[in-house]
Structure formats: C-alpha cells, structure tokens
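The values are calculated or read from the model by the stated rules, or taken from the named source; none is laboratory data. These figures come from a predicted structure and were not determined experimentally. Neighbour counts run over all protein chains shown; Cβ positions are idealised from the backbone, glycine included.
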Amino acid sequence: MDVLGIDEITYGADDLAACKTFFGDWGLQLKDESEAALVFETLNGCRVIVRRSDDPALPAAIEAGPTLREVVWGVSSAEVIERFTERLRALPGFVLAGERVGCTDPNGLAVRFQVSRKHDVEVECAQMNTWNEKPRLNQRSPAYERATPIEVGHVVFFVRDVAACEAFYCEHFGFVPSDRYPGRGAFLRCADVGGHHDLFLLQTPDPKAGLNHVAFTVRDIHEVFGGGMHMARQGWDTQLGPGRHPISSAYFWYFRNPAGGLIEYYSDEDQLDEHWEAREFEPGPTVFAEWAIEGGLDGNTRRQRNAKGPDGKFLTDKPKN
C-alpha cells in the first residue's frame, strides 16, 4: 500500500483568531501559534495548518476567499517517495522540497506526498448491540460532552472535470474507485483495502473548482452527536446534521468553517477490499442522506434547533394549570 491517507492539510484564511477558536472547539490540539500560522493536530498526529490567505508561501488558491490550499498525503516508505518523484517530474507544478514531493492536480490544487508522520492510537469505542450480537453487557454506551477527532479522514472538492481528476489520482498514485455518480462524482479510496473514500470529487452542472468540505473521523456515532452538540453550544452554525449517508453508511454532522468550506464529524463508514465493485448512483436527496436534520440540534435542549424543550424532569411531566 503506497498512499496511507491524509497527513496534513493547509488552509488559507482571513481571520486567524476565529479559526483558532473554531478548531479548538472542534477538538484539535493547538501545537504551535505565530502571527503567520496556527498548527493543530488530531489524536494520531494528522496536522491542520491555518495561514493567512495572502501568505506568499501558500500555493495558489483554487477559488476566492478562505479555502484549502494544500493536501499532503502520507505514504508508506521513502521508496514510494522516490518512485513518485520520478513519476511527477513531468506533471504541472512539480516540486521537490526536503522530504516532500508534489505537483498540481487537474483542478489546480497543490498535492504533496511525504512519508507518513501519523502514529497509531488506541481509543475506547462504543459497542453496538444488535439482534444477533450483543457484546455490550452490563454497561451503557458512552455520551460525550465534545469530540476529539482521530484524524482527517477525507476531503471533498468541486472539480471542473471529474473524469480527468479521477484518472489523475488513480493512474499516478494508485487510488481506487469505490462508487460513482456517472459524469458527476467519484468516491476514491487510497488503496484496495480501506474506508469507503479518502477523496470525493464532485462536478456540478456548472463546473467549478472549490472546496466542499473536510471530514474528521471520530470514534463512534455517540462522538458525532457529542461533538456536534458542543459546537452548537459554542454558537457555530450547522449546515446539515446529524444524519447518515446511505452510500458510505457513515453518520455525519456538517458545520460551516471560518477557514473555508464545510467541516464534518463522521464515523462508521464502510470498510472495503479488493473484492468490492464500484456502484453507480443517480444523485438525489435520498441518496445523499438516509435521514438528516436541517439546522442541527441545540446543544442544550438536545432537540432540533429552535424547538421548545421540555419543562419537567420527565417528558411525561405536564405543566400544572
């Protein structure tokens, strides 16, 4: 397996103070701070960097305003870097800097590769009791007050040419299609064995380049809820969620991100191997979400935003006349 997943992402943003608060609330650990940049990490060492949009050190933006400027993919060994270096020399935007090699993808995004710096982590996760299997005995499932993301699980971009972008990642770096919206979208994973997608490419009817969202993996559905309600309590705006994606089976909650695009908590995506055959779907609301809550949940009442909470200690309590 050559590419292991996302190792680092870099945003170009206008309001670093807001981004510092946002990513802190999101559950990332602030590792370094300067006037030029903020550096955060997930539990497994995946880095999230925020720099000022006008920083000349940043690669060119694929769209106006705050957005993702660079994706660094982690690979399994230095030998892979050597092979990729020879492969990338003839591609647009080729760079070889220190331990990284990179180029520009057909959508204009700066793509880099390095030997992965992430580390394995062990976290306690909820077990799910089903009709057939009941592994959770004499214990309750957890309830989280907030989330602590494990890693950056996938990125999603609007692209001008989905076929060209899919071919770029599959032919040069060994990405594998998981599912498709024919002519409109491609779900790609880094290798045969892995989660449903590490990269999703989406071509709208009026093709454009841009960031749709960055997704952070959390340990289970309960952490999706706990993290989302903490963000709601802190005043951040839900775009959609919580909900569940039928295509990948993952539970999700999307928020608007001051660093650009949307940001997602997710868990419980499908795991695939070489026997999986990519499917084709017609885009539509019921394909995108089995269920979803518009505007999110209120972190205090635990109910849909702007819905009235209960007055008594129990739902059955009735107000006295």
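Laid out as a table, the results:
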| read-out | value |
| --- | --- |
| Residue within the stretch 2-9 that is surrounded by 16 or more Cβ atoms within 10 Å (Cβ to Cβ), touching a Leu at 6+ places or on another chain (Cβ under 7 Å), charged (D, E, K, R) and not in a loop (DSSP other than H, G, I, E, B) present | no |
| Lone unmet requirement of (1) crowded, with 23+ Cβ neighbours inside 10 Å; (2) touching a residue at least 40 places away in the same chain (Cβ under 8 Å) for residue 161 | (1) |
| Check on residue 97, at pLDDT below 95 and of a type in the set (A, V, I, L, M) | yes |
| Output for the stretch 13-41, where each listed residue is aliphatic (A, V, I, L, M) and touching a Pro at 6+ places or on another chain (Cβ under 9 Å) | 13, 18, 28 |
| Residues located in the stretch 261-273, provided they are under 12 Å from residue 195 (Cα atoms) and of a type outside the set (Ser, Thr, Tyr) | 268, 269, 270, 271, 272, 273 |
| Whichever residue in the stretch 156-192 is within 19 Å of the chain's Cα centre (by Cα) and in a loop (DSSP other than H, G, I, E, B) and, among such residues, is nearest to residue 61 (Cα to Cα) | 159 |
| Hey, residue 25 within 21 Å of the chain's Cα centre (by Cα) and over 30 Å from residue 77 (Cα atoms) or not | yes |
| From 260, 227, residue being among the small types (Gly, Ala, Ser) and either farther than 21 Å from residue 158 by Cβ or touching a Cys at 6+ places or on another chain (Cβ under 8 Å) (or both) | 227 |
| Positions within the stretch 193-205 being at pLDDT 95 or above and assigned to a loop (DSSP other than H, G, I, E, B), in sequence order | 193, 196, 197, 198, 203 |
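For (1) surrounded by 19 or more Cβ atoms within 10 Å (Cβ to Cβ); (2) more than 18 Å from residue 261 (Cβ to Cβ), each residue gets a yes or a no:
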{"site": "37", "(1), (2)": "no, yes"}
{"site": "45", "(1), (2)": "no, yes"}
{"site": "50", "(1), (2)": "yes, no"}
{"site": "54", "(1), (2)": "no, yes"}
{"site": "60", "(1), (2)": "no, no"}
{"site": "63", "(1), (2)": "no, no"}
{"site": "66", "(1), (2)": "yes, no"}
{"site": "72", "(1), (2)": "yes, no"}
{"site": "76", "(1), (2)": "no, yes"}
